[in-house]
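Worksheet: one structure, shown below.
What follows is calculated from the coordinates using simple rules that are stated; it is not laboratory data. Note that this is a predicted model, so its numbers are computed, not measured. Cβ placement follows ideal geometry from the backbone for every residue including glycine, while neighbour counts extend to all protein chains displayed.
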Amino acid sequence: MVVLPQEIPPIFVDKLIRELAEKYDVDFSGYNRNFLRRRIANRMHRTGTVSLSFYRRFLMENPEELSEFLQNITINVSEFMRNPEVFVKLERAILQDISRKIKGRVIRFWTAGCSRGEEPYSLAIILHKLSMLKNSFIQIVATDIDDIALEQARRGVYNSESLNNLSPSDKKLYFHHSKDSKYEIADKIKKPIYFKKHDIVRGPDLGKFDMIICRNVSIYFTRSYQERMYERFCNDLFTNGYLVTGKTEMPPTRMSKRFRTVDFENRIYQKVN
């Protein structure tokens, strides 16, 4: 017997959210409930569990299952230069604009929901190509709520499949290729990145940024949580700072006067006031 997502009562999901927050300090209250029901059903199927109450106890008492559950929720699927056209736009226009206009202070980037680190490392590679990493005033803050994903990100070791969008010269210049076919990111790319466990909406203040990249995260949130997220991004950006979202994401309509569209196809926006 398989438990289907629609068979999981909303009250069960809400109770599980509260218990996870109380015991493990992870907050899924802003996630879309139908999405959570699908993820719970998926884990129940994989663990051979048919009782909701049994799975709840199993999850709360088994650290290994908690880790699997968190990774299932946060969906750690990424690759270097994902949607390459976005990074081409950043390299050829946006980052050069930032470099020209900001002098005498730290240039700060935030990659929110960084997963295993492919995105912040991709950004650092572009910055290196533009000779911006020679300037010590560069900081990339990369955040996620998944401890395991963050640990993988800090190690910076990847399978060859994650590098499919990179040229052979980029692989040679920015990675160390080991005998077991793994690729480790070079220290010069690791250096400006600070990985931190952090909740996008509820987490503590991280300061002001010149660019925030948050792609394919808000699609899993409720509408009200999405609005809170974009409100935070607006507050955390310097005036004229840039926001990069996923291909199906954009700031809510009510914030249209606070962001201008720089490149709609690549979902790049600029804070105007």
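Near ILE11: Cβ cut-off under 14 Å, other residues only, Lys/Arg at +1 and Asp/Glu at -1. The net charge is +2.
With the convex hull constructed from alpha-carbon coordinates only, segment 1-40 shows a mean projected area of 2.9 nm² over all directions.
Efficiency by 1/(1 + (r/R0)^6): what FRET value for THR239 and SER178, r their Cβ-Cβ distance, R0 = 41 Å, to the nearest 0.05?
0.40
Based on alpha carbons, the Rg and Dmax found for the chain are 19.7, 64 Å.
Under a 5 Å amide H cut-off, with hydrogens placed 1.01 Å from N, PHE195 pairs with ALA142 among residues at least 5 apart or on other chains.
Please identify every one of the GluC sites (Glu not before Pro) in segment 175-273 that sits in a loop by DSSP and has no more than 13 other beta carbons within 10 Å of its own beta carbon. Those that pass, being in a loop and sparsely packed, are GLU265.
What number comes out for the charge environment of GLY156, summing +1 per Lys or Arg and -1 per Asp or Glu over other residues with Cβ under 13 Å away? Could the numbers behind the result be given before it?
Details: positive: ARG116, ARG154, ARG155, LYS182, LYS188, LYS190, LYS191; negative: GLU118, GLU119, GLU151, GLU184, ASP187.
Local charge sum for GLY156: +2.
Positive contributions from Lys and Arg (+1) and negative ones from Asp and Glu (-1), summed over other residues with Cβ under 10 Å from the Cβ of GLU65, come out at -1.
Taking segment 5-74, how much of its Cα-Cα pair set, in percent, is spaced more than 20 angstrom apart?
For segment 5-74, the share of Cα pairs beyond 20 Å comes to 15 percent.
Between helix 63-74 and the chain there is an angle of about 60 degrees, using the helix long axis and the longest principal axis of the Cα atoms. Across segment 129-174, counting alpha-carbon atoms alone, Rg and Dmax equal 13.5, 33 Å. When you restrict to C-alpha pairs under 8 Å that are six or more residues apart and normalise by the size of the chain, the relative contact order lands at 16 percent.
Run the helix sum for the chain: -39,500 (n - 2.57) per DSSP H stretch of 4+ residues, divided by residue count, reported at 222 nm to the nearest 500 deg cm²/dmol. Before the final figure, lay out each step's value.
Numbers: 11 runs with 110 residues, N = 273.
Mean residue ellipticity at 222 nm (helix-derived): -12000 deg cm²/dmol.
Centroid-to-centroid, using Cα positions, segment 38-115 and segment 197-258 are 15 Å apart.
At most 16 other Cβ atoms within 10 Å and a DSSP loop assignment: could you name the trypsin sites (Lys or Arg not before Pro) in segment 109-211 that fit?
Details: sites: ARG116, LYS129, LYS134, ARG154, ARG155, LYS171, LYS172, LYS179, LYS182, LYS188, LYS190, LYS196, LYS197, ARG202, LYS208; in loops: ARG116, LYS134, LYS179, LYS182, ARG202, LYS208.
Counting only loop positions with at most 16 other Cβ atoms within 10 Å, the trypsin sites (Lys or Arg not before Pro) in segment 109-211 are LYS134, LYS179, LYS182, ARG202, LYS208.
By the count of neighbouring beta-carbon atoms within 10 Å, fewest first, VAL217, VAL272, VAL86 end up ordered VAL272, VAL217, VAL86.
Mind giving me the FRET efficiency for THR47 and LYS197? R0 is 25 Å, r the Cβ-Cβ distance, nearest 0.05 is fine. Given R0 = 25 Å and the Cβ-Cβ separation, E is 0.45.
Spherically averaged projected area of the convex hull of Cα atoms, segment 137-273: 9.7 nm².
Counting other Cβ atoms within 10 Å of each Cβ, which chymotrypsin sites (Phe, Trp or Tyr not before Pro) in segment 177-273 have at most 11 and sit in a DSSP loop? Walk me through the numbers before you get to the answer.
Numbers: sites: TYR183, TYR194, PHE195, PHE209, TYR220, PHE221, TYR225, TYR230, PHE233, PHE238, TYR242, PHE259, PHE264, TYR269; in loops: PHE264.
Qualifying residues, ordered by number: PHE264.
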